[in-house]
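Chemist: One structure coming up, written as structure tokens, with questions to follow.
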Amino acid sequence: MDVGVLSGMVNELVRDHRIPGAQLSLYSGGTLWEVCTGVERIGSDVPVSVKSRFAYGSVSKVFTAALVMQLVEEGEVELDTPVMEVLADIAGHTAVPADHPMHEVTLRQLLSHTAGLVSDYEGTPLRSPSLRRYFESVVREGHFGVPGTAFSYSNTGYAVAAYVIEVLTGQSWWDSLESYLAHPTGLDLAFIEDPRPGRGPGAAVSGHAVNARTGRTEPVDFYCESTLAAAGGLAGSATDLVRFGRAFLGEGHGALDADIADPDVLAVMGHAVPAAEPFGLAAGWGAGWGLYPAGESLWLGHDGTLDGGSCNVRVDQASGTALAFTTNSTTGLAAWFDLVGELDRTFGLRVGHYEQPAPAGRPCDEAAALAGEFVNGELAIRVFPEGNGGKLRLDADNGVSGTLTVGSDLIFSVRAADQGDVLFSGRFLRSRKGRPADLMQYNGRTLRRAGEICQAA
């Protein structure tokens with residue numbers, strides 16, 4: 001692999017997608033390649049370096065999962081023990097009603113998004129680093145589904161996992177992340193938000209809102225609710241992410257100052273959980289890692305976005321390969337999809353990648369009945385008629401918006417033009433009563449119809 005060719009590839013993608021700054025770190029065949037390009041913030045002359053910290057977004061979840069695995073190795077907890085047993089024994093939680101679904105929830109379910117919790121629930125911002133009050137509000141908020149039966153991507157679940165970590169370690173998730181993981185291994189991580197007294201946001205590059213159609217670029221501050229820090233609140237470099245990923249490659253690939261945990265314990269993060277079928281997101285999910293196909297093999301991986309940035313990581317245990325791509329732009333996800341294709345065409349490196357399901361060739365003849373609002377926790381998606389041509393439009397709270405293409409199999413796709421023409425897919429599910437769309441699966445999340453048919457906007 002020629003580093004000059006690799007650098008030229010990244011620079012071309014950055015130009016095409018109007019990305020202010022990016023990093024690519026690639027470890028393969030015992031060699032590490034690093035590419036940095038652009039600036040940390042438009043209007044500044046600070047170049048992106050190998051040490052620049054980018055927002056990891058949801059990739060932060062693999063670090064929270066690794067913390068849990070350390071506690072599993074130490075015998076502090078088992079993945080399939082109901083978390084309420086741990087919380088009742090150590091933290092004295094006894095007020096949760098006996099018939100509450102939380103009594104059935106395990107750590108394995110929390111880490112594999114099969115705990116039945118809502119997708120996003122911020123709760124009240126933390127004034128202190130303790131997550132106890134947040135957990136109690138999650139219990140009051142209620143469950144979305146039956147624990148252990150289905151996949152629905154949940155930031156809330158990782159916040160609950162972080163609270164279990166706090167109870168077991170006797171210190172906050174922030175302190176645990178530093179003392180158990182970052183400091184011993186030498187990983188140079190920072191927090192987007194840090195509620196500990198005297199602490200503030202860690203130094204990171206600036207995010208940028210980039211309009212892919214007009215090219216207009218504006219700096220934005222990265223933000224992650226303190227309650228959801230364990231799900232999306234870390235920042236670091238692509239190289240530190242690759243160093244972390246190499247811990248999952250087995251002997252001879254380590255680059256950390258100390259082991260994270262026993263390799264057999266860490267491997268559980270990539271063992272597929274039977275109930276975890278993340279339609280529209282990945283081929284499967286373990287207790288922390290998503291599973292992404294590349295030919296006959298499955299790569300470990302995770303993707304993350306935070307307003308103004310993107311992060312992608314993949315690890316292939318069979319070939320001993322790990323790579324990470326970080327950007328400070330809302331168009332970074334589109335660049336990642338292009339990068340995966342270029343690595344294959346140029347170097348023959350087939351990176352684990354999930355192909356979005358395509359709608360059936362014949363359009364859905366029940367399109368009008370699909371319109372409505374679908375919700376999961378604080379995430380809401382509206383589907384409504386677009387003009388008079390029988391087309392539908394999708395508008396999501398997270399900024400994704402575009403014309404909806406629905407097939408006769410009720411699988412749909414939507415192109416988010418403002419995010420670099422990225423294609424997202426999902427499907428509507430029929431109810432037992434035969435209606436075509438009481439549930440929607442979108443980007444790994446399951447949403448339930450909220451109300452009456454929406455009128456055209």
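Chemist: Any chance segment 388-399 includes a residue that's of a type outside the set (D, E, K, R), part of a loop (DSSP other than H, G, I, E, B) and touching a helix residue (DSSP H, G or I) at 6+ places or on another chain (Cβ under 9 Å)?
Modeler: Within segment 388-399 (the criterion being of a type outside the set (D, E, K, R), part of a loop (DSSP other than H, G, I, E, B) and touching a helix residue (DSSP H, G or I) at 6+ places or on another chain (Cβ under 9 Å)), the answer is yes, since at least one residue qualifies.
Chemist: A follow-up question, please. Just the residues that are open to solvent by less than 10 Å² (accessible area, probe 1.4 Å) and either in a loop (DSSP other than H, G, I, E, B) or more than 17 Å from Met69 (Cα to Cα) (or both), please, taken from segment 110-123.
Modeler: Listed by number, the residues that qualify are Ser112, His113, Thr114, Ala115, Leu117, Ser119.
Chemist: So Gly43 passes all but one of these: (1) more than 22 Å from Leu343 (Cα to Cα); (2) modelled with pLDDT of 95 or more. Which condition number does it fail?
Modeler: Going through the list (1) more than 22 Å from Leu343 (Cα to Cα); (2) modelled with pLDDT of 95 or more, Gly43 breaks only (2).
Chemist: In segment 407-424, what residues are assigned to a strand (DSSP E or B), in contact with a Pro (Cβ under 9 Å, 6 or more places away or on another chain) and either under 21 Å from Leu306 (Cβ atoms) or open to solvent by 20 Å² or more (accessible area, probe 1.4 Å) (or both)?
Modeler: Residue satisfying the conditions is Ile411 alone.
Chemist: Can you name every residue in segment 348-370 that is open to solvent by 30 Å² or more (accessible area, probe 1.4 Å), part of a loop (DSSP other than H, G, I, E, B) and under 16 Å from Ala437 (Cβ atoms)?
Modeler: Pro359, Ala360, Asp365, Glu366
Chemist: Okay, moving on. What is the residue count in segment 124-146 for residues that are part of a loop (DSSP other than H, G, I, E, B), closer than 25 Å to Gln441 by Cβ and in contact with a Ser or Thr (Cβ under 7 Å, 6 or more places away or on another chain)?
Modeler: The number of residues fulfilling the criteria is 2.
Chemist: On to the next question. Look at Leu339 and say whether it is without any contact (Cβ under 8 Å) to a residue 24 or more places away in the chain, of a type in the set (A, V, I, L, M, F, W, C) and open to solvent by less than 70 Å² (accessible area, probe 1.4 Å).
Modeler: no
Chemist: Going through segment 426-438 one residue at a time, which ones are at pLDDT below 90 and either touching a Leu at 6+ places or on another chain (Cβ under 9 Å) or surrounded by 17 or more Cβ atoms within 10 Å (Cβ to Cβ) (or both)?
Modeler: Correct list: Leu429, Arg430, Ser431, Pro436, Ala437, Asp438.
Chemist: Further question on the same structure: Return the residues of segment 193-208 that are touching a helix residue (DSSP H, G or I) at 6+ places or on another chain (Cβ under 7 Å) and either without any contact (Cβ under 8 Å) to a residue 40 or more places away in the chain or within 26 Å of Val39 (Cα to Cα) (or both); say none if nothing qualifies.
Modeler: Glu193, Asp194
Chemist: If I ask for residues that are at positive phi and open to solvent by less than 10 Å² (accessible area, probe 1.4 Å), which ones from segment 53-109 would you list?
Modeler: Gly57 - this is the single residue of segment 53-109 that is at positive phi and open to solvent by less than 10 Å² (accessible area, probe 1.4 Å).
Chemist: From Asp307, Asp316, Asp303, which residue is of a type in the set (Asp, Glu), at pLDDT below 95 and in contact with a Gly (Cβ under 9 Å, 6 or more places away or on another chain)?
Modeler: Going through Asp307, Asp316, Asp303 in turn, the sole match is Asp307.
Chemist: On to the next question. Which condition breaks for Ala282 when tested against (1) open to solvent by less than 10 Å² (accessible area, probe 1.4 Å); (2) out of contact with any His (no Cβ under 8 Å at 6 or more places or on another chain); (3) within 27 Å of Ser49 (Cα to Cα)?
Modeler: Just one mismatch for Ala282, condition (3).
Chemist: Which numbered condition trips up Arg415, out of (1) within 22 Å of the chain's Cα centre (by Cα); (2) at pLDDT 85 or above?
Modeler: Unmet condition: (2).
Chemist: Filter segment 147-169 down to residues that are among the hydroxyl-bearing types (Ser, Thr, Tyr) and not in a helix (DSSP H, G or I) and give me whichever is most open to solvent (accessible area, probe 1.4 Å).
Modeler: The selected residue is Thr149.
Chemist: Out of all the residues in segment 371-388, which are open to solvent by 70 Å² or more (accessible area, probe 1.4 Å) and either over 21 Å from the mean Cα position of the chain (by Cα) or under 16 Å from Phe424 (Cα atoms) (or both)?
Modeler: Arg382, Asn388
Chemist: Check His17, His113 and return the single one that is within 29 Å of Trp285 (Cα to Cα) and not hydrophobic (A, V, I, L, M, F, W, C).
Modeler: It is His113.
Chemist: If you don't mind, another one. Give the residue that is nearest to the chain's Cα centre (by Cα), with candidates limited to residues of segment 1-36 that are closer than 19 Å to Ala212 by Cα and open to solvent by less than 40 Å² (accessible area, probe 1.4 Å).
Modeler: Here the residue is Ala22.
Chemist: Turning to a different aspect of this structure: With the requirement that a residue be more than 15 Å from the chain's Cα centre (by Cα) and crowded, with 24+ Cβ neighbours inside 10 Å, what does segment 285-307 give you?
Modeler: The one that is more than 15 Å from the chain's Cα centre (by Cα) and crowded, with 24+ Cβ neighbours inside 10 Å: Trp299.
Chemist: Right, here's the next one. Is it the case, given these coordinates, that Asp175 is charged (D, E, K, R), out of contact with any Cys (no Cβ under 9 Å at 6 or more places or on another chain) and either part of a helix (DSSP H, G or I) or at pLDDT below 95 (or both)?
Modeler: So Asp175 passes the test.
Chemist: Further question: Hey, could you check segment 260-279 for residues that are farther than 18 Å from Gly148 by Cα and touching a residue at least 60 places away in the same chain (Cβ under 8 Å) and say which is surrounded by the fewest Cβ atoms within 10 Å (Cβ to Cβ)?
Modeler: Asp262
Chemist: Restricting the first residue to segment 305-333 and requiring it to be in a loop (DSSP other than H, G, I, E, B), which pairs with a second residue that is basic (Lys, Arg) and open to solvent by 10 Å² or more (accessible area, probe 1.4 Å) meet a Cβ separation below 9 Å and a spacing of at least six or different chains?
Modeler: Within 9 Å, the pairs are Gly320/Arg246; Asn328/Arg41; Ser329/Arg18; Thr331/Arg18.
The values are calculated or read from the model by the stated rules, or taken from the named source; none is laboratory data. Fair warning: this is a prediction, and the values are worked out from it, not measured in the lab. FYI the Cβ positions are ideal-geometry reconstructions off the backbone, even for glycines, and counts take in every protein chain you see. Note: areas computed on protein heavy atoms with side chains; ligands, DNA, RNA excluded. Shrake-Rupley method; radii C 1.70, N 1.55, O 1.52, S 1.80 Å.
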